[in-house]
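First comes the structure, then the notes that go with it.
The values are calculated or read from the model by the stated rules, or taken from the named source; none is laboratory data. Just so it is clear, the structure is predicted and the values come from calculations on it, not from any experiment. Reconstructed Cβ throughout: ideal geometry from the backbone, glycine too, with neighbour counts over all protein chains shown. Side chains are part of the model used for accessible areas, which takes the heavy atoms of the whole protein and leaves out ligands, DNA and RNA. Shrake-Rupley method; radii C 1.70, N 1.55, O 1.52, S 1.80 Å.
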Amino acid sequence: MDAKSAVELMESSNEVHFSGFHMDGFEQRKASIEQPTTSETDMYEQPFVIGVAGGAASGKTAVCDMIIQQLHDQRVVLVNQDSFYNNFSEEELTRVQDYNFDHPDAFDTEQLLRVMDKLKHGEAVDIPKYDFKTYKSDVLRRVNPSDVIILEGILVFHDQRVRELMNMKIFVDTDADVRLARRIRRDTNEKGRDIGAVLDQYSKFVKPAFDDFILPTKKYADIIIPRGGDNHVAIDLIVQHIRTKLGQHDLCKIYPNLYVIQSTFQIRGMHTLIRDAQTTKHDFVFYSDRLIRLVVEHGLGHLPFTEKQVLTPTGSVYTGVDFCKRLCGVSVIRSGESMENALRACCKGIKIGKILIHREGDNGQQVCPSACMP
Ligand SMILES: Nc1ncnc2c1ncn2[C@@H]1O[C@H](COP(=O)(O)OP(=O)(O)O)[C@@H](O)[C@H]1O
Ligand SMILES: Nc1ccn([C@@H]2O[C@H](COP(=O)(O)O)[C@@H](O)[C@H]2O)c(=O)n1
């Protein structure tokens, strides 16, 4: 890949990048890297999809809430499988106690797939909100495309097509007695059900369906979390992994010494401003300078250092590091000159050389006709 293709790829992709566990997904991404002529519509960013399954009242929602809380600086959306419960006719509603809500057929999986497909392709979508009291999903909520989609539900690993959408599969594993105790409390307090009905439903449908349909999907999980939301260590590790995946730029897979700065909403905001045709020249320069300063600071962070101890004004010893000495910047004419000021501002007294690189001939060979080093 030549420098132009690399720049094109950088431009067509955005700040946050994703990679999944599945080799087939990786092959697809590799293909798009090796064929930079791919049209813009083919190069949409794929969100990172996490599936969270487990028995009812195992703590799936609690785990999702904790992941969402820790990923507060990313755009994360939660999709509940409950939203895709089949609707009942008025006649069916009268016999609701005989209905098995824990069977795979209770869900409209085709609709779930359509919704997930839209979100994966960066489209906003209206998702029904399921009401456990009325057994209806009359209200819709608008869900915007996001960097991370969490799909949560008792049977989200049941259908292979749904599983294949996921980059990470988590199974929340909580003891049956704990699940039953929590379910009794939740269904009587929040769903207005009486304890007899909860226990009848449990022995008739919930427990058999757990054994027949939910537990067998545990084998598909990449991560099994015992004790659900109480397991802070597991949740921290999951969030760390997601962050690594989100921050991994496609180009890093080709160039091992390339570092890509983790995107934040501040950085995205600045990228938005400098791309906006309405932005004034003054603002363009201001925000470009801020971004350049970030790049220079991060770049300096990768230079070697030596350990150094200093005495603080209060007489204690502080063990720190010493900057690398005898630095020299090289500015590529017509390309890197806009970064010179930031480098001078960060590295006191730095000497900057100049180099001119241009492409010669049809094969794109790069030559360096002029260089002036300090
Ligand atoms: N670690 C926990 N300790 C105590 N109660 C919990 C814990 N996790 C969840 N709960 C409670 O158990 C019930 C079910 O939890 P929830 O996260 O909604 O499970 P799920 O989404 O798997 O059905 C809720 O009432 C919730 O408040
Ligand atoms: N009308 C309904 C629909 C579903 N259920 C039960 O909800 C459980 C799944 O939801 P979680 O949030 O606990 O994963 C499932 O066990 C269904 O039996 C219901 O009781 N009424």
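Kindly list the residues of the range 206-226 that lie in the label zone of Asp175, defined by a backbone N under 15 Å from the point 7 Å along the Cα-to-C-beta vector. Answer for the range 206-226: 226. Inter-label distance, Leu258 to Asp105: 5.2 nm, where each label sits 7 Å from its Cα along the C-beta direction.
So if we plug the beta-carbon distance of Arg359 and Lys281 into 1/(1 + (r/R0)^6) with R0 = 25 Å, what FRET efficiency do we get, rounded to 0.05? So the FRET efficiency works out to roughly 0.30. Tell me, how many Å apart are the Cα centres for the range 270-313 and for the range 321-359? First find each Cα centre; the distance between them is then 14 Å.
Which order do you get for Leu311, Leu294, Leu246 if you rank them by accessible area with a 1.4 Å probe, largest at the top? It would help to have the intermediate numbers written out before the result.
Values: Leu311 130, Leu294 60, Leu246 0 Å².
Ranked from most to least accessible, the order is Leu311, Leu294, Leu246.
Only one residue of Gln366, Ser146, Asn86 has its Cα farthest out toward the positive end of the dipole of the chain, where Lys and Arg carry +1 and Asp and Glu -1 on Cβ, and that residue is Gln366. With a cut-off of 13 Å on the backbone N, no residue of the range 206-243 is near the modelled label site 7 Å out from Leu113 along Cα-Cβ.
Treating the beta-carbon of each Lys and Arg as +1 and of each Asp and Glu as -1, no other charges, what is the dipole magnitude of the chain about its Cα centre, to the nearest 20 debye?
Details: 46 positive and 53 negative charges, 312 e Å.
Taking the Cα centre of the chain as origin, the dipole is about 1500 debye.
Of the DSSP beta bridges with both residues in the chain, give the percent that are antiparallel, rounding to the nearest 5.
45
Between Glu92 and Gln366, the modelled label-to-label distance comes to 6.3 nm, taking each label 7 Å out from Cα in the direction of the beta carbon.
Counting heavy atoms of the protein chains alone, Lys204 has an accessible area of about 120 Å² for a 1.4 Å probe.
Between His282, His103, His249, the residue with the greatest mean-square fluctuation in the GNM of the chain (Cα pairs under 10 Å linked by springs) is His282.
Compared with the alpha-carbon gap, the fully stretched path from Lys133 to Arg243 is longer by 35.9 nm at 0.36 nm per residue.
Over the chain, DSSP H runs of length four or greater, each weighted -39,500 (n - 2.57), average out per residue to a 222 nm ellipticity of -10500 deg cm²/dmol. Does the chain come out rounded, prolate or oblate by the C-alpha gyration tensor, with a ≥ b ≥ c the root eigenvalues, rounded set by a/c under 1.5 and, if not, prolate when a/b is larger than b/c and oblate if not? Prolate shape, in that a/c is at least 1.5 and a/b is the bigger ratio. Taking the centroid of alpha carbons for each part, the range 210-225 and the range 165-205 are 16 Å apart. Near Phe48, the amide H atoms lying under 5 Å from its own belong to Val148, Ile149; only residues 5 or more places off or on other chains count, and H is placed 1.01 Å from N. Arg275 sits with roughly 120 Å² accessible to a 1.4 Å probe, with DNA, RNA and ligands left out of the calculation.
At R0 = 41 Å, how high is the FRET efficiency between Glu337 and Glu164 if r is their beta carbon distance? Nearest 0.05 is fine. That gives a FRET efficiency of 0.30. Solvent exposure of the range 255-372, expressed per residue, is 76 Å² of accessible area, with all protein chains present and a 1.4 angstrom probe. Under 10 Å, Cα contacts only: if you run a Gaussian network model on the chain, which one of Asn100, Asn363, Asn231 comes out with the highest mean-square fluctuation? In this elastic network of the chain, the residue with the biggest mean-square fluctuation among Asn100, Asn363, Asn231 is Asn363.
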